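For reference, the structure is listed below as structure tokens.
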Amino acid sequence: MKDRLSYLAMLCFAAAYAVLATLVSDAYYQLILTMVLVWACFGLAWNLLSGYTGLVSFGHAAFFGLGAYTCALGQVHFGLSPYLLIPLAALFGGISGVAIGIPTFRLRGHYFALSMLAYPLAMLYVFEWLGYQEVTLPMMREQPLTYMQFSDPRIYTFIALGMLLAAMLLTRRIELSRFGMALLAIKQNEAAAEAAGINTYAWKLKAIAASGAIAAAVGAFYAVVLLVVTPVSVFGMLVSSQALVVTMFGGVGTVWGAVIGSAILIPIAEILHAELGSRFPGIQGVIYGAAVIAVILAAPEGLYWKLRDRFKRPARKDKLADINADAAPRATAASTQATPRHFNTEGAEVILQARGLSKQFGGLKAVDDVSFKVYRGMILGIIGPNGAGKTTAFNLLNGFLTPSAGEVLIDGRNVVGLKPHEICMAGVGRTFQVMRPFMRMSVAHNVEVGAYVRAATDAQARDMAQQAMAQVGIASIAAKLAGELSSKELRLMELARALAEQPRLLLLDETLAGLGQNEAEELIAVLRQLADDGITIVIIEHTMNLMVRFVDSFVVLDHGRVLTQGPPEAIIRDKSVIEAYLGKKWSNG
């Protein structure tokens, strides 16, 4: 129902805009109407990469300009029609997106943004050096329709409206698909997305290819409308900034953001440029700069999200209380107070083995010659005081860090050097010490992301997510946004996301951290049930008082080394363990 309303809203917008274009007769204002659509479409192209992945691009003019010159030079030198050149420009844009993405996605944060800026600047100088300072499309008076040279400017507006509607529909389809979910997961927490089995590098390449294709097609149409192309007009900083600003102003990560921003900012900037441009050169840049400042101060995520959050009706508190009560796993006294299981390792299959695992950061050895085995069906607890190297060891086990020495064997296969998503595909699920939910996504969509690694279809992923949520007792809060959850609910949701991957081995990094006594006992009940269902668990914890109730064996780390290993009843009486946790005076007392 929601999807239908979204598509209906797009069609209503297109119909209303078409009526407006029909009523406007002045050629200048008609051009403004066309430019609003052009920049909205270009903003959607930028949004497909930066809005959904969070990787801010200052260089989308590279694709826009490449499309513009493809159309201009194709017509000048080969006499080709724009009807052929616009799709050809899209093809070139997609290929160039992949070519740019392969080296550039190895960078992060502001390094990525600055490196993207280099591409349009380089192309600007290349096209100037090639002698294409100004390319004018020839007038085709004998075949004007074949070359999109219309006497009625409204036709350009209608074509631009069709391109924008197509871009909006494509963006919405992507947004609702596995593609869009993967991109949003990357944006909100790339490490969590990798741990959930998402090949972030591959998905980002697909995103920049699609983004570059749309941007290049828009640039080609822009050349047709203006009939002249210069390097500055298509590769200049103002071009990239327009795509970024209209989308940020309207709202990133949504179909409507670029449309809202373009509809407000482009007419203002164009009219002021026409009226005051001779006296105040660069006034368009001033308008865009002011828009960015206004958005940062009043609506950091853009107008769309600001208005959506303000007018979204909150759920009734009493209803939420009932939901939260239903969501809580039913923990009985017997389950939480039960003594540890006595796991028999004799004849058991080794599912995970660390052999001589070490990790050195400069002169610091965070993990030093750590070895242990995890048997199928076991619950292994890795404990130790703060700074003992527990989380570093976990990051070595599932590919977030590469060991300086040693091996990690899963089912006898050395997985050192594999990416986290590849280790996830091998059957290893992971949660994090610092919770990493996808805050703008619902609980169901958060868990569904984890199911993508196994699911062949989106429908299958939804079914697997439902099953995982039911396992941990959060099926009744599936529609809630992750940003609205309590700490316990977030822990359960992250556990459900890992379970949706259908792992054989779960790595849980301080899953009990930040929980009250009753909440921790409820989560312990869930973990015991998962172990009884045959899932192997390795859990990190700082304290032992709850761990001794459900783990089969402990590995105690201290200063990066294995202090001791053994069953809970032996570990809690070990003087070296007591000394590591409490100090020598306690062990001597």
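The values are calculated or read from the model by the stated rules, or taken from the named source; none is laboratory data. Worth saying up front: this structure is predicted, and the values here are computed from it rather than measured. FYI the Cβ positions are ideal-geometry reconstructions off the backbone, even for glycines, and counts take in every protein chain you see.
Only residues that are closer than 12 Å to F64 by Cα and either part of a helix (DSSP H, G or I) or in contact with a Gly (Cβ under 7 Å, 6 or more places away or on another chain) (or both) were counted in segment 209-236, giving 18. Among residues of segment 76-87 being touching a residue at least 40 places away in the same chain (Cβ under 8 Å) and among the aliphatic types (A, V, I, L, M), the one that is farthest from M139 (Cα to Cα) is I86. Residues that are of a type in the set (G, A, S) and either in contact with a strand residue (DSSP E or B) (Cβ under 7 Å, 6 or more places away or on another chain) or modelled with pLDDT of 95 or more (or both) within segment 93-117 comprise G93, G94, S96, G97, A99, G101, listed in sequence order. Note on segment 53-75: residues that are of a type in the set (A, V, I, L, M, F, W, C) and at pLDDT below 95 amount to 3. Quick check on A118: is it out of contact with any Cys (no Cβ under 6 Å at 6 or more places or on another chain), part of a helix (DSSP H, G or I), assigned by TED's automatic domain parsing to the domain that holds L23 and surrounded by 19 or more Cβ atoms within 10 Å (Cβ to Cβ)? In short, no.
The residue pairs whose first member lies in segment 188-201 and is at positive phi, whose second member is part of a helix (DSSP H, G or I) and not small (G, A, S), and whose beta carbons are closer than 6 Å, counting only pairs six or more residues apart or on different chains, are G197/H421; G197/C424; G197/M425. Would you confirm, using the coordinates I've provided, whether G399 is buried (at least 22 other Cβ atoms within 10 Å of the Cβ) and within 21 Å of A513 (Cβ to Cβ)? So G399 fails the test. Among the residues of segment 427-456, the ones that are out of contact with any helix residue (DSSP H, G or I) (no Cβ under 8 Å at 6 or more places or on another chain) and either part of a helix (DSSP H, G or I) or at pLDDT below 90 (or both) come to 2 in all.
Just one of the listed residues (L66, L73) is touching a residue at least 24 places away in the same chain (Cβ under 8 Å), within 15 Å of F127 (Cα to Cα) and surrounded by fewer than 24 Cβ atoms within 10 Å (Cβ to Cβ), and it is L73.
Put simply, of V408, V374 the only residue that is touching a helix residue (DSSP H, G or I) at 6+ places or on another chain (Cβ under 7 Å), crowded, with 16+ Cβ neighbours inside 10 Å, modelled with pLDDT of 75 or more and part of a strand (DSSP E or B) is V408. Restricting attention to segment 462-504, the residues being in contact (Cβ under 8 Å) with a residue 40 or more places away in the chain and closer than 13 Å to A196 by Cα number 11. Meeting the requirement of 3 or more residues that are buried (at least 20 other Cβ atoms within 10 Å of the Cβ), the helices (runs of 4 or more DSSP H) wholly within segment 491-588 are 517-532.
As a summary of the residue check, I351 satisfies the conditions (1) over 22 Å from G560 (Cβ atoms); (2) of a type in the set (V, I, T); (3) assigned to a helix (DSSP H, G or I) except for the one numbered (3). For segment 11-22, the tally of residues that are farther than 14 Å from A263 by Cβ and either surrounded by 13 or more Cβ atoms within 10 Å (Cβ to Cβ) or under 29 Å from the mean Cα position of the chain (by Cα) (or both) stands at 2. The set of residues in segment 364-418 being in contact with a strand residue (DSSP E or B) (Cβ under 8 Å, 6 or more places away or on another chain), farther than 18 Å from R430 by Cα and small (G, A, S) consists of A366, S371, G384, A388, S404, A405, G406, G412. Could you check, for segment 163-172, whether at least one of its residues is farther than 19 Å from G93 by Cβ and of a type in the set (S, T, N, Q)? Checked against the condition, which is being farther than 19 Å from G93 by Cβ and of a type in the set (S, T, N, Q), segment 163-172 yields no hits at all.
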